[in-house]
C-alpha cells in the first residue's frame with residue numbers, strides 16, 4: 001500500500017510541493033476516519049457540527065463538513081494524496097510516513113485517542129508472539145505502515161532481537177477491523193489473529209471461542225500510544241488557519257463531552273455509526289484500563305518515530321514531536 005502512496009507522491013510532484021490544488025481557503029471541508037470507538041470524538045464533532053460552530057466563532061461562517069469512513073489508514077492516505085480528502089483522522093504510522101515522504105508537507109493537528117490496541121488470537125497454540133509460525137496470519141488495517149503493524153515490529157525487536165524487527169511482517173495481512181472480526185468469528189478462515197482496537201477487542205473476547213490476549217500496545221510501548229489524530233497537508237493548513245484552530249477547538253469540546261457525560265457521548269457514537277451494541281456494554285468497556293485515553297496531546301509517538309528511523313522506514317529523524325505537528329498544537333505536552 002505504501003508503495004502505491006509513494007508512487008502517487010512522485011507522480012503528482014508532491015514531494016516538494018504538496019497538494020497545490022488545496023492551497024486555497026475552502027468552505028466545504030472533507031474529513032476521514034476509520035470504524036471503532038477510537039474515533040468517538042469524530043462522531044461527536046460530526047453530530048454536533050463542532051467544526052462549523054468553532055469556525056463561525058473564529059469569524060468564518062458558512063463552513064460545512066463532509067465525513068468519510070475508510071476501512072484502513074492506507075486508503076485514507078491515498079485519498080489525501082489524491083486531493084479527495086482535506087483532513088484525516090488515523091494512526092501515528094501513517095502521519096509519520098507522510099510527514100517524512102513529503103518532507104514536512106503533511107503534519108498533525110491534534111491527537112484524539114490513545115486507547116490500547118490488543119493482539120488477539122483464537123489459536124490455542126499462540127500464547128506469545130514467539131509462537132507465530134510462518135503460516136500464522138495476523139490481521140492489521142494496513143500491512144507494514146499501520147500503527148498496529150509497526151507496534152508488532154517493535155514487539156518483535158524486543159522478543160527476537162533488534163535486527164529481527166521485521167520477522168513477523170510476512171505474517172500480516174490487510175483487513176479492516178470489521179472484516180478481521182468477521183474472519184476471527186469464522187472458524188474456517190485462515191486468519192486466526194487480529195491486532196484489534198475497541199470495540200472489536202471486546203467483541204472478539206466476548207464472542208469468538210478461544211479468543212485470548214497475546215499482547216497489548218501499552219506493554220510494548222511503555223504507556224499509551226496515540227492511534228488516532230487529525231492531520232493534513234501543510235499547504236491546506238496555511239491557507240485555512242481558522243479551520244485548523246476550529247478542528248482543535250472541536251476536538252477539545254468532544255473530548256470534554258466524553259469525560260463529563262460519557263453516556264451522551266456513547267449515544268452519539270451509536271447514532272452516527274449504527275452500532276447496535278447496548279449502551280451499558282460500551283460504558284462498561286470504557287471503564288477498562290486505558291479506555292478513557294481521549295487526549296489532544298500526542299502520546300508515545302517519538303518512540304514510534306525512533307523505531308521507524310532506526311529501521312530505515314523514515315529517512316528523517318524528528319528531534320521532537322513538534323517536528324511533525326503544526327504550530328497550532330505546540331503548547332500541548334506531547335511526546
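Before moving on, here are some points about what is shown:
- Residue check for residue 266: farther than 19 Å from residue 92 by Cβ, at pLDDT 95 or above and not in a helix (DSSP H, G or I): no
- Qualifying residue in the stretch 117-132 (condition: at pLDDT below 95, within 22 Å of residue 185 (Cβ to Cβ) and touching a helix residue (DSSP H, G or I) at 6+ places or on another chain (Cβ under 7 Å)): yes
- Condition met for residue 186 (without any contact (Cβ under 8 Å) to a residue 60 or more places away in the chain, touching a helix residue (DSSP H, G or I) at 6+ places or on another chain (Cβ under 8 Å), in the same structural domain as residue 149 (by TED's automatic domain parsing) and exposed (fewer than 15 other Cβ atoms within 10 Å of the Cβ)): no
- Where strands (runs of 3 or more DSSP E) sit wholly within the stretch 59-153, those with at least 2 residues that are over 18 Å from residue 247 (Cβ atoms) occupy 118-121, 137-140.
- Residue within the stretch 228-248 that is loosely packed, with under 14 Cβ neighbours inside 10 Å, closer than 19 Å to residue 178 by Cα and touching a residue at least 24 places away in the same chain (Cβ under 8 Å) present: no
- Of the residues making up the stretch 165-183, those that are touching a helix residue (DSSP H, G or I) at 6+ places or on another chain (Cβ under 6 Å), over 13 Å from residue 149 (Cβ atoms) and in contact (Cβ under 8 Å) with a residue 40 or more places away in the chain number 1.
- Some residue of the stretch 211-227 being closer than 12 Å to residue 328 by Cβ and in contact with a strand residue (DSSP E or B) (Cβ under 9 Å, 6 or more places away or on another chain): no
- Exactly one residue out of 152, 98 is touching a strand residue (DSSP E or B) at 6+ places or on another chain (Cβ under 6 Å) and surrounded by 22 or more Cβ atoms within 10 Å (Cβ to Cβ), and it is 98.
The values are calculated or read from the model by the stated rules, or taken from the named source; none is laboratory data. All of these numbers come straight from a predicted model, not from anything done at the bench. Positions of Cβ are backbone-derived with ideal geometry, glycine not excepted, and every protein chain shown enters the neighbour counts.
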